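Participant: Encoded as structure tokens, here's the structure I'll be asking about.
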Amino acid sequence: MAGGGVVKVLAYGSNLLLARMRGRAPSAEPVTTVRLPGYALRFHKRGRDGSGKADAFFTGRGQDVVCGVVYELSPADKAGLDLAEGLGRDYFEHPVELTGGDGTGFHASVYTASPSMIDGRLVPFSWYKEMVVSGAREHGLPAQYVATLESVEARADGDAERVQAASRLL
């Protein structure tokens, strides 16, 4: 989906998983993997289900890096993704300058958690963590980064329907 009329979005959480992203934005096409310096991946954003969700948390420190994938999607699908992400309530959107694997610079947007939704005591559900890890593997993110994701503490989800729905994507 190259050319005009597309929107570029940096995914770093469960939207790394192509099946998850396409469930929310069917036109989504992965473009490139990127590193976002000055941000740290945290699972401290309070989800509607009470668990921790991913957040690209701005630290301003060069040693902190969030790895992710940039997707191109249609403006109509971007509106649906905004709704799924709770834009304006759960997450805010910020423009970022990125460099693709081929060295080309471009603009994209990234969702970051609303400060009112951050709770450092939260941990993700196991299925959510597995979506993030599986998506990172699917796009070939660096092995050390994947290992860091795998080491994140997670907990079981008591909602069997939610677990089953997530399993279908994995």
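Participant: Estimate the FRET efficiency between residue 109 and residue 137 by the formula 1/(1 + (r/R0)^6), using the beta-carbon distance for r and 22 Å for R0, to the nearest 0.05.
Facilitator: For residue 109 and residue 137, the calculated efficiency is 0.35.
Participant: Please list 124-137, 157-170 highest first by mean number of surrounding beta-carbon atoms within 10 Å per residue.
Facilitator: Numbers: 124-137: 22.4, 157-170: 12.5.
Ranked by mean Cβ neighbours within 10 Å, highest first: 124-137, 157-170.
Participant: Continuing with the same structure: Once R0 is set to 25 Å, what does the formula 1/(1 + (r/R0)^6) return for the Cβ-Cβ distance between residue 35 and residue 153, expressed as a FRET efficiency to the nearest 0.05?
Facilitator: Details: r = 24 Å, r/R0 = 0.96.
Given R0 = 25 Å and the Cβ-Cβ separation, E is 0.55.
Participant: A follow-up question, please. Relative to the Cα centre, what is the charge dipole magnitude of segment 56-117, using +1 at the beta carbon of each Lys and Arg, -1 at the beta carbon of each Asp and Glu, and rounding to the nearest 20 debye?
Facilitator: Value, rounded to 20: 180 debye.
Participant: OK, next. Any idea how many Lys pairs in the chain come in under 18 angstrom at the alpha carbon, given 8 or more places apart or on separate chains?
Facilitator: Values: 8/78; 45/53; 45/129; 53/129.
Pairs that pass both the separation and distance tests number 4.
Participant: If you put +1 on each Lys and Arg Cβ and -1 on each Asp and Glu Cβ, how big is the dipole of the chain around its Cα centre, in Debye rounded to 20?
Facilitator: 220
Participant: Would you work out which of 57, 152, 30 lies farthest towards the positive end of the dipole of the chain? Charges go on Cβ: Lys and Arg +1, Asp and Glu -1.
Facilitator: 152
Participant: In addition: Between (1) 16.1; (2) 16.8; (3) 17.9, which entry matches Kirkwood radius over Cα pairs in Å as derived from the coordinates of this structure?
Facilitator: (1)
Participant: Given axes a ≥ b ≥ c from the Cα gyration tensor, I'd like to know whether segment 114-170 is rounded (a/c under 1.5), prolate (a/b larger than b/c) or oblate.
Facilitator: oblate
Computed from the coordinates by the stated procedures, all read-outs in this text should not be read as laboratory data. Model, not experiment: these values are computed from the prediction. Reconstructed Cβ throughout: ideal geometry from the backbone, glycine too, with neighbour counts over all protein chains shown.
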